[in-house]
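The values are calculated or read from the model by the stated rules, or taken from the named source; none is laboratory data. Keep in mind it's a predicted model, so treat the numbers as computed, not measured. Positions of Cβ are generated from backbone atoms using ideal geometry, with glycine treated the same way; all protein chains shown enter the neighbour counts.
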């Protein structure tokens with residue numbers, strides 16, 4: 001065993017990079033195998049992968065607000081992707097509202113046409129790489145994708161792009177969702193929203209009537 005001494009916190013943090021440490025072991029170990037004998041990596045696996053891809057350690061990640069980071073990088077991501085697919089993507093401050101229900105809306109990140117739109121996610125390195133390798137959109141973001149189709153009946157295709165310029169490779173990757181593939185979910189969550197709005201309106205009316 002080697003013992004390494006440090007004179008400052010910065011050097012200590014640098015030395016921890018790309019290592020499975022005691023605080024990280026639980027986040028990496030997964031002894032449960034899938035039916036096919038494979039093991040699904042845990043979050044620590046992707047964090048370690050991100051460190052090796054960015055050179056940034058777990059304690060060195062910039063403390064930028066996630067929303068601020070998205071607003072800063074979103075126009076860049078749209079420009080890069082527009083050049084990649086050779087299509088013009090507009091990035092305007094607009095809200096889409098469903099034709100027959102003003103209570104159901106969405107703010108699109110990018111618009112290619114009435115039938116094609118873009119959602120941008122500028123995630124931390126670990127989540128960015130997890131989506132890249134699994135090709136699975138995290139549940140919360142998947143519901144955002146559903147809403148595009150729920151609000152816009154004419155939408156046929158949504159480009160969900162993931163952008164992280166800190167990575168040494170694979171800074172931008174895309175998962176394209178077609179309406180036909182999720183029509184059941186679109187119908188399900190449109191009905192759910194309508195029922196929820198009706199229930200809320202009825203509750204408001206009852207409370208107002210009670211004074």
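If I ask for residues that are modelled with pLDDT under 80, part of a loop (DSSP other than H, G, I, E, B) and surrounded by 14 or more Cβ atoms within 10 Å (Cβ to Cβ), which ones from region 31-69 would you list?
Result: 55, 56, 57, 58, 60, 61.
Hey, can you tell me all the residues within region 131-155 that are touching a strand residue (DSSP E or B) at 6+ places or on another chain (Cβ under 8 Å), surrounded by 14 or more Cβ atoms within 10 Å (Cβ to Cβ) and under 21 Å from residue 40 (Cβ atoms)?
Answer for region 131-155, where residues must be touching a strand residue (DSSP E or B) at 6+ places or on another chain (Cβ under 8 Å), surrounded by 14 or more Cβ atoms within 10 Å (Cβ to Cβ) and under 21 Å from residue 40 (Cβ atoms): 131, 132, 137, 141.
From 137, 197, 176, which residue is in a helix (DSSP H, G or I) and either farther than 22 Å from residue 110 by Cβ or without any contact (Cβ under 8 Å) to a residue 60 or more places away in the chain (or both)?
The match here is 197.
Condition check ((1) closer than 20 Å to residue 100 by Cα; (2) in the same structural domain as residue 110 (by TED's automatic domain parsing); (3) buried (at least 17 other Cβ atoms within 10 Å of the Cβ)) across all residues:
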site: 157; (1), (2), (3): no, yes, yes
site: 179; (1), (2), (3): yes, yes, yes
site: 184; (1), (2), (3): yes, yes, no
site: 201; (1), (2), (3): yes, yes, no
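With a cut-off of at least 1 residues that are farther than 30 Å from residue 42 by Cβ and free of Cβ contacts under 8 Å to residues at least 12 places away in the same chain, name the strands (runs of 3 or more DSSP E) lying wholly within region 91-130.
In region 91-130, 101-106, 110-113 are the strands (runs of 3 or more DSSP E) which contain 1 or more residues that are farther than 30 Å from residue 42 by Cβ and free of Cβ contacts under 8 Å to residues at least 12 places away in the same chain.
Just the residues that are exposed (fewer than 14 other Cβ atoms within 10 Å of the Cβ) and either under 20 Å from the mean Cα position of the chain (by Cα) or under 17 Å from residue 166 (Cβ atoms) (or both), please, taken from region 70-83.
Selection gives 71, 72, 79.
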